[in-house]
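Working notes, beginning with the structure itself.
Values in this text are rule-based calculations from the coordinates and carry no lab data. Since the model is a prediction, treat every value here as computed from it, not as a measurement. All Cβ positions, glycine included, derive from the backbone under ideal geometry; neighbour counts span all protein chains shown.
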Amino acid sequence: MRAEVSAVRYQDRSAAELAGALGPGKWLPTEVPLSAVSIEEAHDSDTNEVWFTYAVADVSTPVPSGCVAVTSDEAKVPDFDRAVRIAPFAGRIQHLWGASGVGFYRCNGDSYDYDLVFDKESKQAWAWSLGDTAEKP
């Protein structure tokens, strides 16, 4: 049986807002930074697993409010083989565990809790919820 996977891209946060993609009951949390660009989101509506990524130009606020720093050991490590079937961009983060210049976060979103990794060099964030605390929009 094929998973119910959907994916979408937005040029920036404003485009995501215009599309009604942010907020409670949506797949993207309201807390995505105002400076977020190149936003990609993918989810499996059967399992409520969700992935999203974005870049920021302004590195002073790259991580959403509601996130607290954790160690890489505390972050929920996803099954990367499964993750790339849902969100191909998820494969780009596997090498970040143990890398320098990378921050790991546990985030309390308005629709679900999620983990996030931010790479300071690329100014890119990747976030995921494995479906265990996600609410179906």
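Ordering GLY109, THR47, ALA90 by the projection of their Cα atoms onto the charge dipole of the chain, which places +1 on the Cβ of Lys and Arg and -1 on the Cβ of Asp and Glu, puts ALA90 at the extreme positive end. Model label points for SER60 and ARG85, set 7 angstrom from Cα along the Cα-to-Cβ axis, are 4.4 nm apart.
Stretching the chain fully between TRP97 and GLU4 yields a gain of 30.6 nm (0.36 nm per residue, less the alpha carbon separation).
As a ratio to 2.2 N^0.38 Å, the alpha-carbon radius of gyration computed for the chain takes the value 0.95.
Treating r as the C-beta distance of LYS76 and LEU18 and R0 as 22 Å, the FRET efficiency rounds to 0.10. In summary, the aspartates and glutamates within cross-link reach of LYS120, defined as a Cα separation below 13 angstrom excluding same-chain residues under 8 places away, comprise ASP58.
Relative contact order, whole percent, for the stretch 5-129 stands at 27, derived from Cα pairs under 8 Å and 6 or more residues apart. Between SER45 and ASP113, the contour length at 0.36 nm per residue exceeds the alpha carbon distance by 22.9 nm. Taking GluC sites (Glu not before Pro) as candidate sites, keep only those in a DSSP loop with at most 10 other Cβ atoms within 10 Å, then name the longest stretch of the chain containing none of them. Between exposed loop sites, the widest span is 5-120.
Placing +1 on each Lys and Arg Cβ and -1 on each Asp and Glu Cβ, with no other charges, gives the chain a dipole about its Cα centre of roughly 260 debye.
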